[in-house]
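All of the numbers you see were taken from the coordinates with simple rules; none came from a lab. This structure is a prediction, so every number in the text was calculated from the model and none was measured. Here the Cβ is made from the backbone with ideal geometry for all residues, glycine too, and neighbour counts use every protein chain on show.
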Amino acid sequence: MDLRQLRYFQVLATQENFGRAAEILRIAQPALSRQIRLLEEELGVTLFERHARGANLTADASMLLERVTFLLRYAEQTKLDLASSSAIPRGPVALGLPPGLSPLLVAPLLRRLRERYPEIYLKIIETFQPVLHDRLTHGLVDLAIVNGPISSPDLEAIPLFSDAICAIVRFDETRIGGQRVDLRLLDGVPLILTGVQKSGIRLELETAAARANVTLCPVVEVESVAVAKLLIRDGVGWTVHFAAAVQDEVDAHLLRAVPIIGLRLHRYVAWAVGRPRSRAVRVLAELLRELVRESVGAGIWPNTELALPQRASRDTSA
């Protein structure tokens, strides 16, 4: 195998058509077919099922595509790093973020990148924790903010901060009178659940509720807190999230965010073990930490605490 063959394979796997792939690669179709046959012979597998309308990926090809995507991205970044005659970081970085954090981080992070490192090209991948972990370990994401503790031996991480998990209610809600709320107050309350099962805030909430013998009563599930905010204002129920995600509505006296006693979500910046980080990736990780420190210090993210600067443990359960 060589990088040229792998590039040919990647384009054909994406297009599933020899003619279109040959046009993109600017080579003759017979030459492309020959390189794919040589690759199949070397690997001893069939990568494509040929038919009149194109070529479908086999199971082996799908597995290979994951590895090839990482290898080609890493090879390109290596070339950029070596070609640079200075210490200026450059090249693409794929950053994975949970949907709830993305609106808070992307704009200020991009401003700093443009000011200090304009040759770094940022790609944002918004998705939930299980997918973020998978994409990190397969090299499809260079860096991600994930929830801890970190249990995967394939990931290394540094703690960033922890969020108080809050009951998010209408501003005129009378059942919450103090600065904090006991988890037992959620027993029987109509809840709007956000995110996905067994992940993030929902995992923390459901685990704590089971331990405290609290019965959660979800009335609807949504992926984004943006939808949950509208439903709360419409009187559907409460949700559970972190305060910074609803700060605009809190400032406008539309919602309240009240910390639930004993519930916190710990955040880490993580990368794959055994895959060297480019200068651009290292710079981005430091910018994230800087931005978090400033945001927490300025009170922009309420009910948030900075984490101690030790490395994350990888021997506890997630």
(message) Test of the criteria: in the range 35-69, which trypsin sites (Lys or Arg not before Pro) are in a DSSP loop and have at most 10 other Cβ atoms within 10 angstrom of their Cβ?
(response) ARG53
(request) Place a +1 charge on the Cβ of each Lys and Arg in the range 3-80 and a -1 charge on the Cβ of each Asp and Glu, then give the dipole magnitude about the Cα centre in debye, rounded to the nearest 20. (result) 320 debye
(message) Can I get the semi-axes of the range 76-231's equivalent ellipsoid? Compute them from the C-alpha gyration tensor as square roots of 5 times the eigenvalues, in angstrom, largest first.
(response) 38, 18, 13
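Determine the relative contact order of the chain: mean sequence separation of Cα pairs under 8 Å and six or more apart, normalised by residue count, in whole percent.
22 percent.
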(request) Treating only the Cβ atoms of Lys and Arg (+1) and Asp and Glu (-1) as charged, compute the dipole magnitude of the chain about its Cα centre; round to the nearest 20 debye. (result) 640 debye
(request) List, largest first, the extents of the alpha carbons of the range 105-173 along their principal axes, each in whole Å. (result) 48, 35, 20
(request) Answer rounded, prolate or oblate for the range 163-265, using the Cα gyration tensor with square roots of eigenvalues a ≥ b ≥ c: rounded when a/c is under 1.5, else prolate when a/b is larger than b/c, else oblate. (result) rounded
(request) Show that you can apply the helix-only estimate: for the chain, add -39,500 (n - 2.57) for every DSSP H stretch of four or more residues, divide by all residues, and state [θ] at 222 nm to the nearest 500. (result) -13000 deg cm²/dmol
(request) With N denoting the number of residues in the chain, provide Rg(C-alpha) divided by 2.2 N^0.38 Å, to two decimal places. (result) 1.19
(request) On a 0 to 90° scale, report how tilted helix 29-43 is relative to the longest principal axis of the chain, with both axes built from alpha carbons and the result rounded to the nearest 10. (result) 70 degrees
(request) Could I get the Rg over Rh figure for the range 101-143? Both from C-alpha atoms, Rh via Kirkwood, rounded to two places. (result) 1.03
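Could you grab the relative contact order for the range 163-265? Cα pairs under 8 Å, six or more apart, rounded to a whole percent.
Relative contact order comes out at 50 percent.
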(request) Please give the direction-averaged projected area of the C-alpha convex hull for the range 3-80, in square nanometres with one decimal. (result) 5.0 nm²
(request) Can you pull a Stokes-Einstein diffusion coefficient for the range 26-146 at 20 °C (1.002 mPa s), Rh from Kirkwood over Cα pairs, as a whole number of µm²/s? (result) 124 µm²/s
(request) At 7 Å along the Cα-to-beta-carbon direction for both ARG116 and ALA52, put a label point, then send me their distance in nm to one decimal. (result) 5.9 nm
